[in-house]
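The values are calculated or read from the model by the stated rules, or taken from the named source; none is laboratory data. Quick caveat, the model's predicted, so the values are computed rather than measured. Cβ: placed from backbone, ideal geometry, glycine included. Neighbour counts: every protein chain shown. The protein model used for the area step is the full one, side chains on, heavy atoms only, and it has no ligands, DNA or RNA in it. Shrake-Rupley method; radii C 1.70, N 1.55, O 1.52, S 1.80 Å.
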Amino acid sequence: MNTTLAAFAATAQILVAAAFVSIPVLRHRFGAVAKAAAVAELRRQDVRPEVLEENRLRFDASGHEWWAPGAFAAGSLAAAVLNLAGSPWGTTLTWVFSSIAFLANIAILQSQLGAVSSVRAAFRRKGDPELLRVDVPAFLTAAEGAFPAWTRVLQNVRHTVVFAGSALALTFAALV
């Protein structure tokens, strides 16, 4: 990859890495507030709030909420470094990680757009009768309302950066 293409690809990959960690950082910062709002909503619905802990439902960035985006970010950064170093491995990793990031972002966007049905399905899978009584739209609205007003903007910017950055990095890799 020539140095100009490598710099463009690396810049796109660094932006994708930052986009992938933006939401876990936000969830880490405001997850406790979102949980408190969700607990208040469960109480309003006459559902025991302990059902969240009993079913390992969280609002922070723990478990896969952190390691999955962290892994995508690490892969994108590794490809960026190798591209800047002029290594042919940079192009290989660009094909792998940019493709995975693009496809994973489609899945993330789809899950966000279908959050109510996804949460209902997850509650059914848990098999806890108390979870089945939860008014999921109200529950999610309460939790989402605890995040800053700019969260939706951040999510949209994140999706745009991941889609565009991955596409650009793949385009640059194809030009090699």
Along Cα→Cβ, 7 Å out, is where each label goes; now give me the distance between the ones at residue 144 and residue 112 in nm to one decimal. 1.0
Residue by residue through region 141-147, what is 3J(HN,Hα) from phi via Karplus (6.51 cos²θ - 1.76 cosθ + 1.60, θ = phi - 60°)? Round to whole Hz and write x for glycine and proline. 4, 5, 5, 5, x, 7, 7
For region 30-69, what does the equivalent ellipsoid look like in terms of its semi-axes, each the square root of 5 times an eigenvalue of the Cα gyration tensor, given largest first in whole Å? 22, 11, 5
So, counting K/R as plus one and D/E as minus one, what does the shell of residues with Cβ under 11 Å around residue 32 add up to? +3
Under the Karplus curve 6.51 cos²θ - 1.76 cosθ + 1.60, θ = phi - 60°, whole-Hz ³J(HN,Hα) for region 82-97, x wherever Gly or Pro sits: 5, 5, 5, 7, x, 7, x, 5, x, 5, 4, 5, 4, 4, 5, 6
Modelling each spin label as a point 7 Å along the Cα-to-Cβ direction, I'd like the residue 32/residue 7 distance in nm, to one decimal. 4.4
Leaving out ligands and nucleic acids, note down the accessible area per residue over region 28-113 with a 1.4 angstrom probe, in whole Å². 59
If the convex hull of the alpha-carbon atoms of region 30-114 is projected onto planes in all directions, what is the mean projected area in square nanometres? 7.1
Please pull out the direction-averaged projected area of region 5-75, using the convex hull of its alpha-carbon atoms, in nm² to one decimal place. 5.3
Given axes a ≥ b ≥ c from the Cα gyration tensor, I'd like to know whether region 111-164 is rounded (a/c under 1.5), prolate (a/b larger than b/c) or oblate. oblate
Out of these labelled values of Rg and Dmax of the Cα atoms in Å, [x] 19.1, 63; [y] 15.7, 43; [z] 21.1, 72, which was calculated from the coordinates shown here? [x]
Expressed as a whole percentage, what fraction of the accessible surface of the chain belongs to carbon and sulfur atoms when a 1.4 Å probe is rolled over the protein heavy atoms? 66
